[in-house]
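Just below is one structure, and these are the notes that go with it.
What follows draws every value from the coordinates through simple rules; no lab data is involved. All figures in this text were calculated on a predicted structure; none of them were measured in a lab. Quick reminder, even Gly has a Cβ in these numbers, built from the backbone with ideal geometry, and neighbours come from all protein chains shown.
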């Protein structure tokens, strides 16, 4: 199985690393932001570098949309997974439209409302939340309990 792992740097990247038991046995491709620490961590991994910042930054959303098309058509993943941030939005939506499973894991810091990214991908992806009150408020989400901190 081929998995595309999409996240921003920092906490979202750390959260993706915490899911290693899920993705380590599969062929994987990363899409994230190129920072010194991330680039060092992914030296031996197949990686694509996304455009930053993404929070409400329309030009980079468009650039990442084009990157998503290129990466998805080239790699043809079975699953697209994102641990949050705007960078995952075009990859999850386009990935789903191209036949991949799309999984979005909402940040543990989201206890009462979904992030804008989660709301945008909700019609296309399985959105996993880590708090029961969040799942009750947004019934289309899936409550998992704490999976990444």
Applying the gyration tensor rule to the Cα atoms of region 80-148 (axes a ≥ b ≥ c; rounded if a/c under 1.5, else prolate if a/b exceeds b/c, else oblate), the class is prolate
Roughly speaking, what is the stretch gain from residue 20 to residue 62, that is 0.36 nm per residue apart minus the C-alpha to C-alpha distance, in nm to one decimal?
12.2 nm
Once fully extended, how much extra length lies between residue 97 and residue 1, figured as 0.36 nm per residue of separation less the alpha-carbon to alpha-carbon distance?
32.7 nm
C-alpha long axis of helix 88-97 to longest principal axis of the chain, angle in °:
90
The simple spin-label model distance between residue 69 and residue 146, using points 7 Å out along Cα→Cβ, in nm, is 4.3
Looking at the square roots a ≥ b ≥ c of the eigenvalues of the Cα gyration tensor of region 2-143, which shape do they give, rounded for a/c under 1.5, prolate if a/b is larger than b/c, or oblate?
rounded
What's the angle, to the nearest 10 degrees (0 to 90), between helix 58-75's Cα axis and the longest principal axis of the chain?
70
In whole Å, what is the distance between the alpha-carbon centres of region 74-92 and region 119-149?
17
How would region 35-110 be classified by its alpha-carbon gyration tensor: rounded, prolate or oblate, with rounded meaning a/c under 1.5 and the a/b versus b/c comparison settling the rest?
rounded
Rg to Rh, two decimals, where region 1-53 supplies the alpha carbon set and Rh follows Kirkwood
0.93
